[in-house]
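To start, the structure itself, in structure tokens.
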Amino acid sequence: MAPDPSPSPQPVRSQCPYCGVGCGLEMLPPRPSSDAAASSNVEGAAPAGPWQARGDRLHPSSRGQVCIKGATVGETLDQGRLTTPLWRQSIDQPFEPISWDGAFDRLVAQIRRTIAQQGPAGLAIYGSGQFFSEDYYLANKLLKGALGSNNFDANSRLCMSSAVAGYSRSLGSDGPPCCYDDLDQADLVLLIGTNTAECHPVLFQRLLKRRRQRQAAPQLVVVDPRATATSDAADLHLAIRPGTDLVLLHGIGHLLLEAGAIDHGFVAAHTEGYAELAQLWQLWTPERVCDLCGIAEADLRRLARLWAASAAVLSLWSMGVNQSREGSATVAGIVNLHLCTGQIGREGAGPFSLTGQPNAMGGREVGGLAQLLPGYRSVANPGHRASVERHWGFAAGSIAATPGLAVWEQIEAMERGELGLWWVAATNPLVSLPSLNRVRAAVANCPLVVLSEAYAGSETASLAHLILPAAQWSEKSGVMTNSERRLTLCPSFRDPPGLARPDWAIFAELGRRLGFVEQFSYSSAAEVFDEFVGLTTGRVCDMAGLSHALLAAHGPQQWPFPAGTAAGEGWPRLYGDGPAPFPAATAGHRFPTANGRARLWADPPLGLAEPPCERYPLVLTVGRYLGHWHTMSRSGKAKRLASMHPEPLLEVHPSDAERHGLVDGAMAWVQSRRGQVCAKVVVRQSIRPGTVFLPMHWGANQPQPCEANALMHELACPLSKQPELKAAAVRLEPVK
């Protein structure tokens with residue numbers, strides 16, 4: 001008789017570690033392999049095969065959908081991993097393995113030396129939305145609380161900091177007011193500065209599914225200089241010139257005024273600053289706007305009519321808005337339109353930023369930028385500092401009173417020799433930062449560069465002195481928050497390779513070794529999370545009712561989730577009718593400002609920080625491909641993803657190709673004021689004349705290096721300090 005088949009393995013529920021959509025995954029363990037023992041001595045091998053991923057139908061954010069990156073994540077987990085701490089005295093020497101004790105000894109010695117010579121301001125950490133909230137939280141507690149330096153920044157500075165600043169200055173607090181269910185309720189969806197089909201594909205498929213089921217709704221309008229898979233599905237595509245987003249928004253406002261489509265009752269009851277904004281809008285006539293944007297007046301008027309006629313308008317944006325020197329002003333421009341027409345705080349309506357990293361939202365909640373503290377607090381606020389110091393168990397005055405260095409300011413500090421330690425964790429800035437040649441020179445000037453990383457061979461590792469092997473998603477437990485403010489517990493379901501450790505445990509161990517034993521004695525990530533949510537009580541992002549145990553038992557939950565909230569009863573929308581998530585608020589449209597009113601901002605457009613000129617006549621914009629993720633340190637390990645986009649392609653309009661002597665399939669030099677790269681040309685009508693496009697994924701260590709960000713400048717929004725990574729002046733030359 002044949003033996004009974006072994007029972008089917010039980011899936012582990014988690015959240016995808018790629019983009020900010022935060023899709024639910026079910027991870028199926030590999031079945032035992034008969035030759036596992038024979039291959040177990042091969043470093044980086046997965047003898048029993050990879051874990052398999054599928055969409056989790058019970059996850060409310062994604063409902064079982066998953067993109068190709070999430071579907072292949074199991075193939076990447078064991079490939080090319082770091083397994084032991086590595087050390088070298090100088091970057092021209094090879095790395096040698098050392099023990100964790102040796103690594104901590106070097107860290108403690110350099111931290112104490114730096115504080116003695118330069119003060120706490122000589123220490124800086126650059127983290128990542130790949131962190132779990134527990135990792136983020138302890139990194140901030142260590143640096144800002146124990147060591148007195150606010151120089152903690154994260155790659156959210158490159159991705160979402162303009163949304164943080166825009167929400168805060170307009171609405172009184174960070175935090176997207178919308179939820180994914182609004183995609184099912186909106187009459188008009190405006191996608192501005194987002195190629196949603198490739199960068200947030202599951203959300204885009206949700207929109208398309210609704211359009212297939214209900215032919216008349218929603219109307220879809222896309223604003224993007226490129227024609228993309230997103231614009232292919234649009235009812236209206238406005239291919240504006242790069243850098244004219246705010247001009248376009250003011251032009252819509254002008255036409256809404258002209259049409260009498262302002263909700264004056266809402267404006268009078270819930271906002272301030274309308275008179276100044278209306279005066280500015282009057283100046284932005286359709287003729288002026290369309291001349292600057294390079295679009296047809298009929299299209300602008302059509303968009304304004306759609307807005308005025310729609311009962312529910314939902315605006316979605318991402319890096320195309322945020323990565324600009326007027327990113328914060330453009331976010332305010334979007335929010336202005338929603339406030340002036342009462343399109344906020346109700347089903348299907350509101351301004352909705354789509355985060356890039358899987359836990360960029362969580363990072364903002366725990367204070368993971370140089371100007372923030374946990375619970376949407378500010379380091380510049382004495383009361384905020386005092387409450388955090390008490391919660392953390394540090395003496396009054398432990399937290400510095402001024403914001404720390406944003407990431408580009410950290411680069412400038414290294415240029416001046418003002419940092420004694422730069423610690424990079426879970427990110428690869430030697431690909432993702434702008435002006436990479438300048439970055440390399442600055443980082444090489446730092447006495448100790450530490451890299452906490454899961455994968456070997458990153459571009460940043462080439463400038464590191466100490467490399468710490470990190471346990472990644474799947475090998476540690478923690479929480480991530482997606483774009484709709486929904487928290488998912490990501491459990492540990494694999495052992496870390498070799499000596500790799502969770503980031504939160506590394507920061508806690510270092511805190512104890514520096515003498516802060518009581519403040520950093522944690523037995524689990526769940527204990528860290530419990531301490532963090534205590535700091536959110538009564539705040540906009542109140543999560544005091546959440547815990548690892550509740551999330552494990554009841555699945556993902558959405559904040560606000562105050563203590564005493566039952567599972568499934570978090571509030572899906574902010575600033576609307578019903579129970580208000582602010583301690584002093586009543587039901588209705590009240591905002592967390594001093595007077596309860598939202599602020600309308602009359603910001604004049606500035607245009608591009610580096611406009612084209614005679615020598616550099618084209619505008620280069622950069623972005624992502626569907627099948628790749630950021631700098632490919634993880635996604636590049638999946639064969640299916642690598643085969644989708646085997647090389648970076650330079651998109652050029654036929655008129656620009658002819659003018660510069662380029663043909664389809666040829667190689668071209670792309671040159672800016674900061675450097676040059678070489679890429680294969682694809683001649684396409686889909687990109688606006690005068691604009692060219694490169695993907696940002698390929699760094700110096702790839703088989704076909706193409707450092708797109710080496711061409712980009714570091715000029716940034718003065719409010720958010722987010723670099724204008726979407727536009728730089730370039731010229732093209734054929735490779736001879």
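A few notes on this one:
- Filter pass, W408 being within 20 Å of the chain's Cα centre (by Cα), touching a residue at least 24 places away in the same chain (Cβ under 8 Å) and surrounded by fewer than 24 Cβ atoms within 10 Å (Cβ to Cβ): yes
- Checking L306 against (1) open to solvent by 10 Å² or more (accessible area, probe 1.4 Å); (2) over 30 Å from N155 (Cα atoms); (3) out of contact with any Asp or Glu (no Cβ under 9 Å at 6 or more places or on another chain), the condition it does not meet: (3)
- Residues located in region 637-695, provided they are surrounded by fewer than 15 Cβ atoms within 10 Å (Cβ to Cβ), touching a strand residue (DSSP E or B) at 6+ places or on another chain (Cβ under 7 Å), in contact (Cβ under 8 Å) with a residue 60 or more places away in the chain and not in a loop (DSSP other than H, G, I, E, B): M667
- Qualifying residue in region 477-487 (condition: farther than 25 Å from W392 by Cβ and open to solvent by 10 Å² or more (accessible area, probe 1.4 Å)): yes
- Residue in region 421-428 that is in contact with a strand residue (DSSP E or B) (Cβ under 6 Å, 6 or more places away or on another chain), open to solvent by less than 10 Å² (accessible area, probe 1.4 Å) and under 16 Å from M712 (Cα atoms) present: no
- The residues in region 550-577 that are open to solvent by less than 20 Å² (accessible area, probe 1.4 Å) and either modelled with pLDDT under 95 or closer than 22 Å to S173 by Cα (or both) can be counted, and the count is 9.
- Of all residues in region 92-143, those being part of a loop (DSSP other than H, G, I, E, B), open to solvent by less than 10 Å² (accessible area, probe 1.4 Å) and either out of contact with any Phe, Trp or Tyr (no Cβ under 8 Å at 6 or more places or on another chain) or at pLDDT below 95 (or both) number 3.
- The criterion of at least 3 residues that are touching a strand residue (DSSP E or B) at 6+ places or on another chain (Cβ under 8 Å) is met, among helices (runs of 4 or more DSSP H) falling completely within region 459-577, by 503-513, 548-554.
- Residue in region 504-512 that is within 21 Å of A549 (Cβ to Cβ), buried (at least 19 other Cβ atoms within 10 Å of the Cβ) and aromatic (F, W, Y) present: yes
- In region 613-626, the residues that are in contact (Cβ under 8 Å) with a residue 12 or more places away in the chain reach residues that are of a type in the set (S, T, Y) with C-beta atoms within less than 8 angstrom, at least six apart or across chains, in these pairs: Y616/S672; L618/T691; V619/T691; L620/S672; L620/T691; T621/T691.
- Pick from region 578-599, criterion in a loop (DSSP other than H, G, I, E, B) and basic (K, R), ranking: modelled with the lowest pLDDT: R590
Residue by residue, here is whether (1) within 30 Å of L574 (Cα to Cα); (2) touching a residue at least 24 places away in the same chain (Cβ under 8 Å) holds:
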residue	(1), (2)
L463	no, yes
I467	no, yes
V479	yes, yes
L487	yes, yes
S492	no, no
P497	no, yes
P502	no, yes
R512	no, no
G515	no, no
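- Verdict on R494 being open to solvent by 40 Å² or more (accessible area, probe 1.4 Å), of a type in the set (K, R) and within 30 Å of P50 (Cβ to Cβ): no
- Residues of region 46-80 that turn out to be touching a Phe, Trp or Tyr at 6+ places or on another chain (Cβ under 7 Å), under 10 Å from V202 (Cβ atoms) and not in a loop (DSSP other than H, G, I, E, B), as a count: 1
- Selected residue (criterion: modelled with the lowest pLDDT) from residues of region 332-377 that are crowded, with 24+ Cβ neighbours inside 10 Å and β-branched (V, I, T): T355
- Within region 221-234, not a single residue is touching a Leu at 6+ places or on another chain (Cβ under 6 Å), closer than 27 Å to T196 by Cβ, touching a residue at least 60 places away in the same chain (Cβ under 8 Å) and not β-branched (V, I, T).
- For region 395-404, residues that are in contact (Cβ under 8 Å) with a residue 60 or more places away in the chain, open to solvent by less than 60 Å² (accessible area, probe 1.4 Å) and farther than 15 Å from A139 by Cα total 2.
- Tallying residues that are among the β-branched types (V, I, T) and out of contact with any helix residue (DSSP H, G or I) (no Cβ under 7 Å at 6 or more places or on another chain) within region 196-222 yields 1.
- Candidate set: region 700-721, residues that are more than 19 Å from the chain's Cα centre (by Cα) and open to solvent by less than 10 Å² (accessible area, probe 1.4 Å); chosen: the one nearest to S324 (Cα to Cα): H713
- When we screen A679, A657, A700 for residues that are of a type in the set (A, V, I, L, M) and over 27 Å from A441 (Cβ atoms), the only hit is A657.
The values are calculated or read from the model by the stated rules, or taken from the named source; none is laboratory data. Since the structure is predicted, the reported quantities are computational estimates derived from the model, not experimental observations. Ideal geometry is used to build each Cβ from the backbone, glycine not excepted, and the neighbour counts take in all protein chains shown. Ligands, DNA and RNA are excluded from the accessible area calculation, which covers all protein heavy atoms including side chains. Shrake-Rupley method; radii C 1.70, N 1.55, O 1.52, S 1.80 Å.
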